[in-house]
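The values are calculated or read from the model by the stated rules, or taken from the named source; none is laboratory data. As the structure is a prediction and not an experimental result, all values here were calculated from the model. Here Cβ is always computed from backbone atoms with ideal geometry, including for glycine, and neighbour counts include all displayed protein chains. What goes into the accessible areas is simple: the full protein's heavy atoms, side chains included, and nothing from ligands, DNA or RNA. Shrake-Rupley method; radii C 1.70, N 1.55, O 1.52, S 1.80 Å.
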Amino acid sequence: MHAPLEFDVVILGGGIAGLTCAVGLLDAGLRLAVVERDDLLGGRARSWTDPITGDPVHIGPHIVTDCYANFFRLLERLGTADRVVWEPESLLYTMFDGERAIDLRRSWLPPPVQLLASLRADPSLGLLDLASNGAPARVALGIDEQDVLRLDGLDGRAALTALGVRPAMQRRYWQFAAMSILNTPLGRCSAGSLFRAFHHAITRDAVRVGFPGVGLGDLFAPAARAAVESAGHPVWTNTAAAEILGTDARATGVRLADGRILRARHVVSTLPPRDLAALLPESWQGRAEFAALRWFSAVAYVSVYLWFDRRITARQFWARAYAPDDLNCDFYDYANIYFGWTGRPSLIGSNIIDADRVADWSDSAIVERTRRELAENLPAARTARLRHAAVHRIPLAVQAPLPGFEARRPSTLTAIDGLLLAGDWTRTGLPSSMESAAASGWGAAEAVWAREGRPRALVQPLPPRGRLARVLMTAARAAPWPPRLRRVAARRA
Ligand SMILES: Cc1cc2nc3c(=O)[nH]c(=O)nc-3n(C[C@H](O)[C@H](O)[C@H](O)COP(=O)(O)OP(=O)(O)OC[C@H]3O[C@@H](n4cnc5c(N)ncnc54)[C@H](O)[C@@H]3O)c2cc1C
């Protein structure tokens, strides 16, 4: 039997949220410990070396944007922000429809109409299709957190249909946005989550996309570990928490799977909801706020990496136009992204989102299909020889924002004194993402500082909105929603 180890703060989980929280507390003069079950830090943003080629591979391709103020605050604190590689300034997204590339670009127009010129250039959309997007734009401009909850019971397709958005527009852009931003098909995602994401996108100057120029986890995990350990705090990997300890009203520490007891005044869980639910003492299990933990459901991903014998594109990143039977959503060529890879043959990464569809497919069938979809967009992939392939099966990429998701996202502070929650799925007002994880980690650190009687601001606000967008937001807030949307939202509330 070990004697209990004494800490002020125990942080469960060594992903972005947990490491951000630890970094946010480094100069608090508190005794910290970080506990991570896996042998690698980084969680769902970890990376490793492919065993055959020796090349860095992420768990799956990830992007960042220049709106990720909280994630970049972490990288700046760690001195690693320059390891992100950015797309050319004006380009937001390239969408391939067959071999035709449709570039979504920033234009001279201000938000919320900055993408109108690109949409106008898409031959699959007529003027009536574009005009039908006016109603959701008006609703999204005026939306606040109360409205997000009003729309949360509704799915995205029902909301758009109530607003008269034409099928071509829904198929072309809304289905695509629901899959690529919320990772959930339009007919299954919360209209509250969808309209909030649309609000962020149209009220700010179009977002610039960046990629890790090194292994994804190498952007933050080794530097965070070094910062925490060199300040004298342990970061334990390969160490699972087995139970959070406490009385009816208070968290007092953690029991590890190896039997050690860590006593602490603050326990910060950054675990996904089901992992957290498994650690709660029995007396907390019946509480309404914890009962909701088992409601959340995971979006599975399969990420595919293909090593070719030659360069097949000069692009860094592109996506496929949405088609329900497609597997892959987004593609990346790391030969055009990784530092020092000039002249190397293509290393293509791709994401299959909502991947329960391929759970019983063999790796070789997934590789074959991915190659075919790649070649539909880039004919050079037809003749290039595939030298190696890796298939990463990821049961949890994000929590699915199903209708009801926003209402169930918990806040940092819980009814249990000393138990704080963080993680991409908690109530950050952001889609589950690295930015949400970092914001939640700073938020948990802020809460610890405040509980220690030394409040400190760490969470970064989103970038400012454009001037025209602000004027239109005020007008949109003054106008009631169209009656059909009000009716369907009230029915599903
Ligand atoms: C393939 C893929 C693609 C993605 N694409 C993007 C993208 O393009 N852009 C973007 O912003 N986001 C993307 N995401 C989402 C992003 O990776 C996550 O939102 C983010 O990494 C979540 O961080 P977190 O710290 O909240 O949770 P996690 O990373 O899940 O951290 C929780 C940690 O807790 C640990 N843990 C669990 N149980 C225990 C226990 N009992 N004891 C100790 N430790 C435990 C886990 O091992 C894990 O390391 C993607 C995710 C995947 C998988």
(request) Quick one: in the range 250-278, of everything that is open to solvent by 60 Å² or more (accessible area, probe 1.4 Å) and more than 10 Å from the ligand (Cβ to nearest atom), which residue is farthest from ASP38 (Cα to Cα)? (result) ARG250
(request) Please specify each residue of the range 415-445 satisfying the condition of being more than 8 Å from the ligand (Cβ to nearest atom), in contact with a strand residue (DSSP E or B) (Cβ under 9 Å, 6 or more places away or on another chain) and open to solvent by less than 10 Å² (accessible area, probe 1.4 Å). (result) ILE416, GLY418, LEU419, LEU420, LEU421, ALA444, ALA445
(message) Which condition from (1) in a strand (DSSP E or B); (2) open to solvent by 10 Å² or more (accessible area, probe 1.4 Å); (3) within 15 Å of the ligand (Cβ to nearest atom) is the one that ILE102 breaks?
(response) (3)
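Table: residues versus (1) closer than 26 Å to TRP318 by Cβ; (2) open to solvent by less than 20 Å² (accessible area, probe 1.4 Å); (3) touching a Ser or Thr at 6+ places or on another chain (Cβ under 7 Å); (4) not assigned by TED's automatic domain parsing to the domain that holds ARG320.
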| position | (1), (2), (3), (4) |
| --- | --- |
| PRO51 | no, no, no, no |
| GLY60 | yes, yes, yes, no |
| VAL64 | yes, yes, no, no |
| PHE71 | yes, yes, no, no |
| ALA81 | yes, no, no, no |
| LEU109 | yes, no, no, yes |
| ASP129 | yes, yes, no, yes |
| ASN133 | yes, no, no, yes |
| PRO136 | yes, yes, no, yes |
(request) Out of GLY217, GLY192, GLY253, report the one residue that is closer than 20 Å to THR20 by Cβ and not hydrophobic (A, V, I, L, M, F, W, C). (result) GLY217
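Results for (1) touching a His at 6+ places or on another chain (Cβ under 8 Å); (2) closer than 30 Å to ALA168 by Cβ; (3) in a loop (DSSP other than H, G, I, E, B), shown as yes or no for each residue.
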site: HIS62; (1), (2), (3): no, no, yes
site: PHE71; (1), (2), (3): no, no, no
site: PRO88; (1), (2), (3): no, yes, yes
site: PHE96; (1), (2), (3): no, yes, no
(message) Residue under question is GLU229, and the condition is that it be of a type in the set (Asp, Glu) and surrounded by 15 or more Cβ atoms within 10 Å (Cβ to Cβ); does it hold?
(response) no
(message) Going residue by residue through the range 41-49, is there one that turns out to be touching a residue at least 24 places away in the same chain (Cβ under 8 Å), within 16 Å of the ligand (Cβ to nearest atom), on the phi > 0 side of the Ramachandran plot and buried (at least 18 other Cβ atoms within 10 Å of the Cβ)?
(response) yes
(message) If I filter the range 11-37 down to residues being more than 10 Å from the ligand (Cβ to nearest atom) and aliphatic (A, V, I, L, M), which single residue comes out as most open to solvent (accessible area, probe 1.4 Å)?
(response) LEU26
(request) Provide a single number: the residues in the range 86-99 that are surrounded by fewer than 18 Cβ atoms within 10 Å (Cβ to Cβ) and not aromatic (Phe, Trp, Tyr). (result) 6
(message) Please pick out the residue among ASP326, ASP354 that is closer than 21 Å to PRO431 by Cα, under 23 Å from the mean Cα position of the chain (by Cα) and touching a residue at least 40 places away in the same chain (Cβ under 8 Å).
(response) ASP354
(request) Could you please find all residues in the range 446-485 being open to solvent by 100 Å² or more (accessible area, probe 1.4 Å) and without any contact (Cβ under 8 Å) to a residue 12 or more places away in the chain? (result) PRO455
(request) Given the conditions (1) over 25 Å from ALA298 (Cβ atoms); (2) in contact with a Ser or Thr (Cβ under 9 Å, 6 or more places away or on another chain); (3) surrounded by fewer than 21 Cβ atoms within 10 Å (Cβ to Cβ); (4) touching a residue at least 24 places away in the same chain (Cβ under 8 Å), report the number of the one that ILE181 does not fulfil. (result) (1)
(message) Here's a check for you: in the range 383-414, which residue that is assigned to a helix (DSSP H, G or I) and either within 30 Å of SER364 (Cβ to Cβ) or of a type in the set (A, V, I, L, M, F, W, C) (or both) is nearest to the ligand (Cβ to nearest atom)?
(response) PHE405
(request) From ALA437, ALA444, grab the single residue that is in contact with a Ser or Thr (Cβ under 6 Å, 6 or more places away or on another chain) and under 14 Å from ILE16 (Cβ atoms). (result) ALA444
